[in-house]
Amino acid sequence: MKRVRGFTLVEVVVVSALILLASLVAFHTAEVVSQREKEERMRYALLELRATLDSFFQDSYQNPAILEADKPRFPLSIHELLTTKRPVAGGSFYLRRLPLNPMFAATRWQLIGNDGIGGEELKIITDASMTFDGANMKIVDIRCPDDVFPADGLNGIPYKEW
């Protein structure tokens with residue numbers, strides 16, 4: 001009797017199942033790595049924007065464009081950060097561009113405004129809309145909008161609280 005070489009059906013099914021399992025683990029790991037990279041870029045963008053707001057506030061004492069009665073103050077708009085130079089010799093603009101929010105792959109952020117009297121306002125901004133509706137509102141903080149998906153980071157903290 002001649003012996004036939006080859007694989008049995010059981011061997012093929014077992015090997016196929018192992019390959020499928022390995023590919024699922026690799027796919028999940030790739031998703032987690034991608035999410036972690038987006039979170040790191042968002043954390044850096046938030047740090048950059050908040051440092052810019054703090055610098056503007058500190059420099060407002062020396063800025064001749066700001067009225068003496070308004071000193072110190074936070075910026076009124078993102079446009080002001082993009083077009084105002086720091087009041088030091090050879091000072092550059094506070095922002096060269098509005099950073100992208102990696103969760104949206106767009107310049108979509110939520111501004112937190114305060115009028116100094118206790119009124120607060122939240123506003124989603126993009127390139128087209130960079131300021132509050134009220135004239136006395138100043139940008140005091142910036143964060144990721146509420147409508148991001150997924151809403152929570154890998155650490156379990158919602159993005160809007162970063």
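Couple of notes before you dig in:
- All positions within the stretch 64-94 that are loosely packed, with under 14 Cβ neighbours inside 10 Å and either in contact with a His (Cβ under 7 Å, 6 or more places away or on another chain) or part of a loop (DSSP other than H, G, I, E, B) (or both): 64, 65, 67, 71, 72, 88, 89, 90, 91, 92
- Residue match in the stretch 136-152 (condition: closer than 29 Å to residue 71 by Cα, in a loop (DSSP other than H, G, I, E, B) and without any contact (Cβ under 8 Å) to a residue 24 or more places away in the chain): yes
- Count of residues meeting criterion [loosely packed, with under 14 Cβ neighbours inside 10 Å and among the charged types (D, E, K, R)] in the stretch 51-63: 1
- On inspection, residue 97 qualifies as under 26 Å from residue 36 (Cβ atoms) and either part of a loop (DSSP other than H, G, I, E, B) or at pLDDT 85 or above (or both).
The values are calculated or read from the model by the stated rules, or taken from the named source; none is laboratory data. Model, not experiment: these values are computed from the prediction. Positions of Cβ are generated from backbone atoms using ideal geometry, with glycine treated the same way; all protein chains shown enter the neighbour counts.
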